[in-house]
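Below is one structure; the comments refer to it alone.
The values are calculated or read from the model by the stated rules, or taken from the named source; none is laboratory data. As the structure is a computational prediction, the values presented were derived from the model and not from experiment. With ideal geometry, Cβ positions are generated from the backbone for all residues, glycine too; neighbour counts draw on all protein chains shown. Quick note on the areas: whole protein, heavy atoms, side chains included, nothing else; ligands and nucleic acids left out. Shrake-Rupley method; radii C 1.70, N 1.55, O 1.52, S 1.80 Å.
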Amino acid sequence: MQETHDGGCHCGALRYRISAPLHDIAHCHCSICRRTSGGLVTTWISVPLDAFEWLQGVPAQYASSATCTRHFCGNCGAQLALFTTQSPQTMDVTIATLDEPQRAPADRHIWVTTRLPWLSLDPQLPSEDGEAL
């Protein structure tokens, strides 16, 4: 039996499914994630592109850089996923939008050189200055 994990936006207009184990989860500290989410950190899981599917609705899209397209709900504004041409075989999904985010603890910090200086990092997790693709 294949492991599946569902999630969606706040208003329920968008629903998705991940058909893969939950690993490769990172707290991102980049300024783009801060500005697009409104949060201090965005926690992402990278899943194989063929293991991700939209179940309901069509997300709005925003090209936040030359290589990244973010998928969000056009109704409630929730950011759900990110596709980057730097890793075209994966889709990054925001952990906070999973139905059971408690099942997906982060295993590392990325883009720590751009983190807010007053934000303490979990010393038990490894940190990367950028992101290893």
Name, by its number, the condition in (1) buried (at least 16 other Cβ atoms within 10 Å of the Cβ); (2) under 14 Å from the mean Cα position of the chain (by Cα) that does not hold for Thr69. (1)
Looking only at the range 30-63, filter to residues that are of a type outside the set (Ser, Thr, Tyr) and in a helix (DSSP H, G or I); which one of those is nearest to Gln86 (Cα to Cα)? Leu49
Against the condition closer than 16 Å to Asp6 by Cα, polar (S, T, N, Q) and either open to solvent by 80 Å² or more (accessible area, probe 1.4 Å) or part of a loop (DSSP other than H, G, I, E, B) (or both), how does Gln102 come out, does it pass? yes
